[in-house]
Amino acid sequence: MKIAVRDIPPRAVWALEQAGVHPLLARLYAARGVSSKDELDDSLNRLLPPSSLKGAAQAAVLLADAMEQNLRICIVADYDCDGAAACAVGVRGLRLLGAQQVSYIVPDRVVDGYGLTPTIAQRVKDSGAELLVTVDNGIASMAGVAAANALGLQVLVTDHHLPALIDGQVQLPAAQVIVNPNQPDCGFESKAIAGVGVMFYVLLALRAELRTRGKFDASNQPKLDALLPLVALGTVADVVRLDANNRRLVAQGLKRVRAGHLPAGMAALFRVTSRKATVATTFDFGFALGPRINAAGRLSDMTLGIECLLTDDAGRADELAGALDGINRERRDIEGGMREQAFAIVESLFDEGEEPPPAICVFDPDFHEGVVGIVASRIKDKLHRPSFVFAASQAPGREHELKGSGRSIAGFHLRDALDLMAKRHPGMLARFGGHAMAAGCTIAEEHLDLFEQSFAQVALEWLDAATLQRRIATDGPLAPEYRRVDLVDTLHSEVWGQGFAPPTFSEVVEVVSQRLVGEKHLSLKLRHQGQPVDGIWFGRTEPLPARVKIAFRLDAEEWQGRRVVKFLIEGAEQAAQLK
């Protein structure tokens, strides 16, 4: 493992400090590409305009016409947290703007698979709907959109995923309107916006269209900012890059959550996870609320998650949040068993002391397809290798198919790798899609060995020794005067996430004592800059040397009636010998 220090441009630090930014925050922001205080302005009027998002204006006209004609609108959701939040934003927002007949359908991961399929299109038609709106899916649903068109449905696709490539050419579904920043010729700057963000922007455009039609004016128009807590939740949970626009959306959502202005279901999820909405952080969204929404889509029915985000009844919200928490506990149990089995398979792939192969592919007949992505992520984290985990399909009539989910490392674009593999071996991949760091595919069981060989071959071609070495990017040493609880709280209150990493510091410390707690975590007494501080390394069992260079994040905990700073260890390098 290599601990690296981010480049910190001194001119940017100076400019931020001169503008009144705290010196520590100035250093952290500068290292993440911020060069002026103006970039830190998270007010709503700094959001990118909906007019720059291709298709948003046309979508607004389509929706406004449907509302005037009192057509039935059905949203087709996705079964992850982004899709659930996007669905809740769509249903709430359309009703807020005056739509009378809005419903939703969410595919079943096992029975229906991903996205708008012909079967889902038929279900929408059978529901009596006349306008079908996808959220967080649809850009690659050529067959599903074609089926919907044949059934006489109007189709609006809102999505953020990459379009399908056929023989190197972008292929788009034949929808009436497509809103997706990643479609060709879209000038929207935030290509990383989540599915929930796209739907929010469509609603902003719809409100503007309804203003021009005289439905209301700027003084009495419905306020869509009530949807921002859901936008923030879906954005963080989907682990999209937090560019400036996404950070503004998340910051605005967090402000409302902390002020107590959040949907009943989100409030219930904070309670069931024993977290406080008044001091909500992006960590809460990503590691507490998001996983519980996701668990419904993995093991049960995402309708539970969507209903939790839609209800305004506090009692009903508590029931749904409790059910989601129970499903998440089940998910953790299943994941734990799968993880152990997967690690055992992985360890058989190479001898102790050897480097792991450049790519990992794992399958076991007993794996649950709803959890393969999480297990792939755990393997990737442990070995720092692109990893795919497969499970047998549980869908009726598809018993001989395997569903796989992959996670990747920097320098290996997973979706592009699958695209190359599909070109080299036509017919090997029945379906595939995703992003640079996460992707999924379906294959026939007989093609598993070929997939594994092809995956390994692409990894051999694309990855070198430097890329395969795990690196932790840090913000360098922490000055002792910044080791304070109030600064820990300040750091936690900021918007951090994918592409705008939470602060991680690194320097040499002395290990005074160490012991295992819970049989799998290393509890440490450290000396940092000559002063004692406690630390913990979750998931680490091997002892550390007496002098070591660590990468660590800051946290605070209660100790004898007062809060004290604690180091959360992320990684370690052996320090040079004392001279």
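Just so you know, all these numbers are worked out from the coordinates, no wet-lab data involved. Every value quoted in this text rests on a predicted model; they were computed, and no experiment measured them. Glycine gets a Cβ as well: all are built from the backbone with ideal geometry, and neighbour counts include every protein chain shown.
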- Note on the structure: With label points set 7 Å from each Cα along the Cα-to-Cβ direction at THR541 and THR490, the distance between them in nm comes to 4.1 nm
- Taking Cα atoms, how many degrees apart are the long axis of helix 290-299 and the longest axis of the chain, rounded to 10 and kept between 0 and 90? 60 degrees
- Note on the structure: Mean Cβ-within-10 Å packing, highest first, puts peptides 368-381, 62-75 in the order 368-381, 62-75
- Item | Percent antiparallel among DSSP beta bridges (both partners in the chain, rounded to 5) | 65 percent
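Given the -39500 (n - 2.57) contribution per DSSP H run of 4+ residues, what per-residue ellipticity at 222 nm results for the chain, rounded to the nearest 500 deg cm²/dmol?
Rounded to the nearest 500, the figure is -12000 deg cm²/dmol.
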- Item | Student exercise, segment 472-574 dipole from Lys, Arg, Asp, Glu Cβ charges, in Debye to nearest 20 | 320 debye
- Message: Whole angstrom only: what separates the Cα centroid of segment 118-144 from the Cα centroid of segment 164-221?
- Response: 17 Å
- Any chance you could check the Cα centroid distance between segment 63-97 and segment 528-557 for me, in angstrom? 48 Å
- Starting from one equal scatterer on each C-alpha and no solvent at all, send me the Debye-based log10 I(q)/I(0) for segment 53-211 at q = 0.12, 0.16, 0.17 Å⁻¹, two decimals. -0.44, -0.80, -0.92
- Radius of gyration, Dmax [the chain; alpha carbons; angstrom]: 24.4, 81
- Of THR311, THR119, how do they rank once you tally other Cβ atoms within 10 Å and put the fewest first? THR119, THR311
- Message: Once you place label points 7 Å from the Cα toward the Cβ at ALA473 and GLU340, how far apart are they in nm?
- Response: 3.7 nm
- Message: Distance cut-off 26 Å, Cα to Cα: go down the list LYS2/LYS566; LYS520/LYS566; LYS382/LYS566; LYS403/LYS520; LYS2/LYS520 and report the pairs above it.
- Response: LYS403/LYS520
- Note on the structure: Debye calc, one equal point scatterer per Cα of segment 1-109, no solvent, log10 I(q)/I(0) at q = 0.16, 0.19 1/Å comes to -0.83, -0.96
- Item | Added length on full extension, which subtracts the Cα-Cα distance from 0.36 nm per residue, GLN169 to ALA444 | 96.5 nm
- Message: Roughly how far apart, in whole Å, are the Cα centres of segment 395-439 and segment 251-290?
- Response: 34 Å
- Sorted by average packing, counted as other Cβ atoms within 10 angstrom per residue and highest first, what order do 194-207, 443-456 take? 194-207, 443-456
- Counting every C-alpha pair in segment 472-574, the percent lying more than 23 Å apart is 23 percent
- Whole-percent tail of the Cα-Cα distance distribution for segment 349-468, cut at 18 Å, equals 46 percent
